[in-house]
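Heads up, the thing below is written out as structure tokens.
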Amino acid sequence: MAAAEPVRRRRAPADDNGDQDAQTSGPRRRAAARKTAPARHGVTGAAAAMRLAVEQLSQLLGRTPESVSSLRPTEDGWEAQVEVLELERIPDTTSVLASYKVTMDEEGELISYERTRRYSRGMIDRPV
């Protein structure tokens, strides 16, 4: 005999006025509204800013970035550190990567980029 599955309640569909039943009102509904509201003008979140930084830097350099190591909002937009593979070697630990500082405006358009560091993939930062 198979175990009975728990009963799952379905939300009642919204009526023509856009109102939903009492199950979706209260704290849950207000929390959902906060999550969807844009926190800033232009780019609406860190994930979108990160994607834009990677896409635009990739177009300029002609290389696909490996990762975004930092991202932070600024008064004028966003600033990111993007890691790019510049020279692929065998073994992989000897490949050369570069770290680029990317500055974007509030709309997510790249304003400037600057290579700040070159290093081997196998190299680690020493504690200060």
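Things to note:
- The residues on offer are Thr36, Thr24, and the sole one that is surrounded by 12 or more Cβ atoms within 10 Å (Cβ to Cβ), at pLDDT below 95, farther than 25 Å from Asp125 by Cα and out of contact with any Leu (no Cβ under 8 Å at 6 or more places or on another chain) is Thr24.
- Answer residue from the stretch 68-81, given it is closer than 14 Å to Gly108 by Cβ and not hydroxyl-bearing (Ser, Thr, Tyr) and is surrounded by the fewest Cβ atoms within 10 Å (Cβ to Cβ) among those: Asp76
- Selection of strands (runs of 3 or more DSSP E) fully inside the stretch 60-118 by the criterion of at least 2 residues being more than 22 Å from Ala48 (Cβ to Cβ) and touching a residue at least 12 places away in the same chain (Cβ under 8 Å) returns 77-87, 96-105.
- Hey, Val96 modelled with pLDDT of 95 or more, within 21 Å of Met123 (Cα to Cα) and under 12 Å from the mean Cα position of the chain (by Cα) or not: no
- Test: residue in the stretch 91-98 that is closer than 20 Å to Thr44 by Cα and open to solvent by less than 40 Å² (accessible area, probe 1.4 Å): no
The values are calculated or read from the model by the stated rules, or taken from the named source; none is laboratory data. The structure displayed is predicted, hence computed values, not measured ones. Cβ coordinates were reconstructed from backbone atoms using ideal geometry, including for glycine residues, and neighbour counts include every protein chain displayed. Heads up: the accessible areas ignore ligands, DNA and RNA and are worked out on the full protein's heavy atoms, side chains in. Shrake-Rupley method; radii C 1.70, N 1.55, O 1.52, S 1.80 Å.
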